[in-house]
Amino acid sequence: MPRRNAYYQGPVSDHFDGARFFVLPGPRRRPLSAHLSFVRGQIARGRPPALRPVAPDVPPARVDALRLGFIGHSSLLVQVAGLNLLIDPVFAQWLGPREGMGPKRAHAPGIRWEDLPPIDAVLVTHNHWDHLDGPALARLWRRFGCRMLTPLGNDTIIRGYDAGIAVQAMDWGQSVRLSHRVTAHLEPAFHWSGRTPFDRWRALWGSWVVTDANGGVLYHVGDTAYRDGRFFRRVREVYGPPDVALIPIGAYEPRWYVGDEHVDPGEAVRIMLDCGARQAFGHHWGAFRLTWEELGDPPRDLARALAEAGVAPGRFRPLHPGETVEPPWPGGR
């Protein structure tokens with residue numbers, strides 16, 4: 001195993017061996033034949049769909065309680081307690097190092113760039129191309145001067161797009177106070193990292209919990225498998241049942257290939273029940289065709305999973321691009 005990590009140097013821990021990050025239980029090792037079979041299946045699904053227009057949201061400048069604006073995939077504008085936060089903002093048309101490489105966007109962003117309110121902070125979950133859009137982060141920094149929070153090692157990648165970006169790298173379990181009311185907490189996830197085949201596991205990944213001193217808890221679940229479920233139960237134990245959970249519901253087929261890194265809708269329902277969320281919304285679907293299911297499959301599969309679990313459909317529903325929701329939030333006017 002190579003012992004040099006170009007992104008991060010730090011002490012060995014229960015999820016860093018001195019060169020690479022890891023999580024237990026870990027994923028199964030996939031043979032080359034599995035990778036080739038997955039790629040052949042992707043190619044067989046044909047060209048990406050044409051870009052679909054959406055009715056974009058025009059958010060207000062500030063919100064005292066909670067307002068969520070869905071840009072698409074895992075990109076959200078979280079307006080909470082007077083702050084404007086972006087989570088995993090991706091505005092790129094293609095998911096790759098240059099135009100024409102990687103999956104192509106299937107719908108326009110649900111909030112136009114020019115309609116963004118003043119952004120106070122950006123929370124990045126990990127460095128996969130569908131979550132870390134380097135050019136967009138650099139543009140946000142130049143436009144708003146906003147602070148950026150990300151798991152360990154990703155700060156090196158982000159500064160590669162603009163060395164002046166004020167980015168703070170965090171470990172699991174660490175917190176940063178964003179205002180007198182709002183604190184961001186980095187929590188674990190069952191996932192991995194990598195921008196190329198040569199830098200896998202060299203930066204950390206995670207999920208975000210945003211707490212309001214008035215009592216509100218928002219849990220943004222980053223890309224994750226389910227595995228033993230302990231991370232989701234931990235959120236309930238540490239912060240109490242979230243008022244709102246944002247849970248991924250897409251990029252889940254075939255299970256033999258992606259089951260160790262992405263939950264399917266049935267497992268997403270288990271996450272909601274494990275953490276005890278009062279209200280859940282589905283993200284990580286519809287904008288990019290990353291795996292074998294069709295773009296419109298996740299909402300249907302989520303509805304089926306909720307029915308099988310005996311959960312009311314209104315408690316967990318998918319977000320759609322351009323949609324805004326204002327869930328009940330403790331202490332908001």
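The values are calculated or read from the model by the stated rules, or taken from the named source; none is laboratory data. The model shown is predicted, which means the values in this text are computed figures rather than measured ones. Glycine also receives a Cβ, built like all others from the backbone with ideal geometry; neighbour counts cover every protein chain displayed.
Restrict the check to segment 157-164 and report whether at least one residue is touching a Gly at 6+ places or on another chain (Cβ under 6 Å), aromatic (F, W, Y) and buried (at least 16 other Cβ atoms within 10 Å of the Cβ).
Yes, because at least one residue in segment 157-164 is touching a Gly at 6+ places or on another chain (Cβ under 6 Å), aromatic (F, W, Y) and buried (at least 16 other Cβ atoms within 10 Å of the Cβ).
Considering only residues that are loosely packed, with under 14 Cβ neighbours inside 10 Å and touching a strand residue (DSSP E or B) at 6+ places or on another chain (Cβ under 7 Å), which ones fall in segment 282-329?
E326
Could you grab the pairs with beta carbons closer than 9 Å, sequence gap of 6+ or different chains, first residue in segment 213-242 and in contact (Cβ under 8 Å) with a residue 60 or more places away in the chain, second one in a strand (DSSP E or B) and acidic (D, E)?
Final answer for the pair search is L218/D212; G222/E187.
Considering only residues that are of a type outside the set (A, V, I, L, M) and under 22 Å from the mean Cα position of the chain (by Cα), which ones fall in segment 1-47?
Y7, Y8, H15, F16, R20, F21, F22, P25, G26, P27
Which of (1) within 22 Å of R177 (Cα to Cα); (2) surrounded by 24 or more Cβ atoms within 10 Å (Cβ to Cβ); (3) not aromatic (F, W, Y) does A61 not meet, given it meets every other one?
Of the numbered conditions (1) within 22 Å of R177 (Cα to Cα); (2) surrounded by 24 or more Cβ atoms within 10 Å (Cβ to Cβ); (3) not aromatic (F, W, Y), the odd one out for A61 is (2).
On the basis of being surrounded by 15 or more Cβ atoms within 10 Å (Cβ to Cβ), within 24 Å of A81 (Cβ to Cβ) and modelled with pLDDT of 95 or more, does L186 make the cut?
When the stated conditions are applied, L186 passes them.
Any idea which residue in segment 27-49 is surrounded by the fewest Cβ atoms within 10 Å (Cβ to Cβ), counting only those that are in contact (Cβ under 8 Å) with a residue 12 or more places away in the chain and assigned to a loop (DSSP other than H, G, I, E, B)?
Among those that are in contact (Cβ under 8 Å) with a residue 12 or more places away in the chain and assigned to a loop (DSSP other than H, G, I, E, B), it is R28.
Looking at segment 145-158, is at least one residue under 25 Å from A245 (Cβ atoms), part of a loop (DSSP other than H, G, I, E, B) and of a type outside the set (A, V, I, L, M, F, W, C)?
No; the residues of segment 145-158 include none that is under 25 Å from A245 (Cβ atoms), part of a loop (DSSP other than H, G, I, E, B) and of a type outside the set (A, V, I, L, M, F, W, C).
Show the residue pairs that are 6+ apart or on different chains and have beta-carbon atoms under 8 Å apart, the first residue being within segment 63-83 and farther than 14 Å from L116 by Cα, the second being acidic (D, E) and buried (at least 24 other Cβ atoms within 10 Å of the Cβ).
Short answer, once both residue conditions are applied: H73/D88; S74/D88; S74/D223.
Looking at P89, P59 in this structure, which one is under 20 Å from T224 (Cα atoms), outside any strand (DSSP E or B) and touching a helix residue (DSSP H, G or I) at 6+ places or on another chain (Cβ under 9 Å)?
Sole residue among the options that is under 20 Å from T224 (Cα atoms), outside any strand (DSSP E or B) and touching a helix residue (DSSP H, G or I) at 6+ places or on another chain (Cβ under 9 Å): P89.
If you take the residues in segment 160-194 that are aliphatic (A, V, I, L, M) and not in a loop (DSSP other than H, G, I, E, B), which one is farthest from G229 (Cα to Cα)?
That would be V167.
Does segment 123-130 contain any residue that is among the hydroxyl-bearing types (S, T, Y), closer than 30 Å to P49 by Cβ and either surrounded by fewer than 17 Cβ atoms within 10 Å (Cβ to Cβ) or in contact (Cβ under 8 Å) with a residue 24 or more places away in the chain (or both)?
yes
Are any of the residues in segment 266-283 in a loop (DSSP other than H, G, I, E, B) and either of a type in the set (F, W, Y) or under 16 Å from the mean Cα position of the chain (by Cα) (or both)?
no
Quick test for you: out of G250, G216, G206, pick the one residue that is over 22 Å from D120 (Cα atoms), out of contact with any Lys or Arg (no Cβ under 6 Å at 6 or more places or on another chain) and not hydroxyl-bearing (S, T, Y).
Exactly one of G250, G216, G206 is over 22 Å from D120 (Cα atoms), out of contact with any Lys or Arg (no Cβ under 6 Å at 6 or more places or on another chain) and not hydroxyl-bearing (S, T, Y), namely G250.
Among the residues of segment 195-251, count how many are exposed (fewer than 15 other Cβ atoms within 10 Å of the Cβ), aliphatic (A, V, I, L, M) and not in a loop (DSSP other than H, G, I, E, B).
Counting residues in segment 195-251 that are exposed (fewer than 15 other Cβ atoms within 10 Å of the Cβ), aliphatic (A, V, I, L, M) and not in a loop (DSSP other than H, G, I, E, B) gives 1.
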